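Structure first, then comments.
No lab work stands behind these numbers, since they all come straight from the coordinates. Predicted model, so just to flag it, every value in this text is computed and none were measured. Note that we place each Cβ from the backbone using ideal geometry, even for glycine, and neighbour counts take in every protein chain shown.
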Amino acid sequence: MANTVMINGDKRKFMLNPDVKLYALIDAGFQKTPRGNFVYEHPLYNESPYNATTKLKMTIKSDLTSLTMVVTDPSGLKKVNIFKNKQLAPTVELLDYILKDLEERKILSEVKD
């Protein structure tokens, strides 16, 4: 886990918003793990979520100080770079939408260099 993260292939960096609230995580769909961390998984699909070739996985530490964020294959075991394939433009668009939503909910903040 880290204070700032980058998705494989993306140029942007993200960090937890300093004003993140527990209820915002729950409202956004985060699930609490037995260890107290918060996990978010969202399929990145075009037509059907059941046929999704990739998914966004995020984990936020229980004390809301650090996070991990990665785009993986459907099994969740292998990192995938969706930015290098032009045919995955709709997937990138959906990822951007999800990240913007998490920013508006004050869960994430984009780090400006």
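Some points to look at:
- Summing Lys and Arg as +1 and Asp and Glu as -1 over all other residues whose Cβ lies under 12 Å from the Cβ of PRO43 gives a net charge of -1.
- Considering only LEU108, PRO18, THR4, the residue lying farthest towards the positive end of the dipole of the chain is THR4, judged by Cα position with unit charges set on Cβ.
- Stokes-Einstein translational diffusion, region 20-77 - Kirkwood Rh over all Cα pairs, 1.002 mPa s, 20 °C, in µm²/s: 177
- Contact order relative to length of the chain, as percent, for alpha carbon pairs under 8 angstrom and 6 or more apart: 33
- GNM top mover of LEU25, LEU77, LEU64 - the chain, alpha-carbon springs below 10 Å: LEU77
- Note on the chain: with charges restricted to the Cβ of Lys and Arg (+1) and Asp and Glu (-1), its dipole about the Cα centre is near 360 debye.
- Based on Cα atoms of the chain, Rg over Rh with Rh as the Kirkwood radius reads 0.95.
- Think of the chain as a dipole: +1 on every Lys or Arg Cβ, -1 on every Asp or Glu Cβ, centred on the Cα centre; then among VAL92, MET69, PRO43, MET69 lies furthest on the positive end.
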